[in-house]
Amino acid sequence: MPAVFLNDRSLLLVSGAEAQSFLQNLITTDITSLGADEARPGALLTPQGKILFDFMIWQDGDGYMIETDAGQRDGLLKRLTMYKLRAAVTLATSTEEGVTVSWSEDAEGSQGVRDSQGVRDSRFAKAGVTLIRRPGKHGDGNEALYDALRISHGIVTSGSDFALQDAFPHDVLMDFNGGLSFRKGCYVGQEVVSRMQHRGTARRRVVTVSAATTLPETGTEITAGGKPVGALGSVEGGSGLAIVRIDRAGAAMAAGTPLLAGETPVSLVLPAWSGLVFPTSGDEASA
């Protein structure tokens, strides 16, 4: 049961009598249905519906803990403070530094993980993996193990897999992993993402990428017939992640056109837990 310390993660505490309503009216996650031991993904969007900050969120006593990239923490805190106004909410950074993740992919090991202190990551639960997130350092496993797990299950992280203010929640599968609500009412950027959902216009999606040899570096363009379909994100050996135009990739695969990452032949697979398939015509992918 690996336990990996992620020292590039930081934590914010949101507490106070109006903490729930404050966050519920601001972020993409429906926190009113959040389980006591569950961590869900979430985002604070731009008014245009793109991801400004991304994070994990879970209950912490009467308030909420937000886990985000260390480089985003101060900016997120400043933005939340701007929205706070007169709300009965307290915003603070946590004294804990970093987060430890531990996991098991078998039933016997999973029971042991559930019994440990921490919260279950709903993104991995969708993929059949029990992964626990716990503030602070509680393990010294190689971080490459966690990256390999993320890649194999199609779970992205900002910075490595997409740039903030460049991706919509649909692009990173937040409409399938519990991080995007279409029922809870208004929040920043909600009109745009709701329109994408109802019109079925999401074309960019996360895929896992595999090659018979080592993949080229992050950022390498993926092409079909000389035309771009996306770019590599996280890479571990011959496996990686990418956000691609699945309509273009699907048409290429249907026509037998090779897909290349740089000069390296690759194959693309949509995460099984998403239920998505590659479209082979002008139609949108569907579950």
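Here are the numbers for this structure:
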read-out	value
Per residue solvent-accessible surface (Å²) - the stretch 150-265, probe of 1.4 Å	43
Evaluated over the stretch 207-286, the Cα radius of gyration and Dmax, each in Å	11.7, 33
The stretch 1-95 shape via C-alpha gyration tensor axes, a/c threshold 1.5	rounded
Packing-based order for 64-70, 83-89, using average beta carbon neighbours within 10 Å, highest first	64-70, 83-89
Estimated vicinal HN-Hα couplings, Hz - the stretch 25-31 in sequence order (Karplus 6.51, -1.76, 1.60; Gly, Pro = x)	8, 10, 9, 6, 7, 7, 7
Nonlocal amide H pairs with Val229, under 5 Å, H built at 1.01 Å	Ile222, Thr223, Ala224
The stretch 153-287: radius of gyration over Cα atoms, expressed as a fraction of 2.2 N^0.38 Å	1.04
Apportionment of accessible area to carbon and sulfur, the chain, percent (1.4 Å)	48
Interchain or long-range residues, amide H under 5 Å from Leu6's placed H	Val99, Thr100, Val101
Cut-off under 5 Å, modelled amide H: who pairs with Thr93 long-range	Leu13
Label selected from (i) 18.6; (ii) 14.8; (iii) 19.5, the criterion being mean projected area of the Cα convex hull in nm² as computed here	(ii)
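The values are calculated or read from the model by the stated rules, or taken from the named source; none is laboratory data. Since the model is a prediction, treat every value here as computed from it, not as a measurement. Quick reminder, even Gly has a Cβ in these numbers, built from the backbone with ideal geometry, and neighbours come from all protein chains shown. In case anyone asks, the SASA skips ligands and DNA or RNA and just uses the protein heavy atoms, side chains included. Shrake-Rupley method; radii C 1.70, N 1.55, O 1.52, S 1.80 Å.
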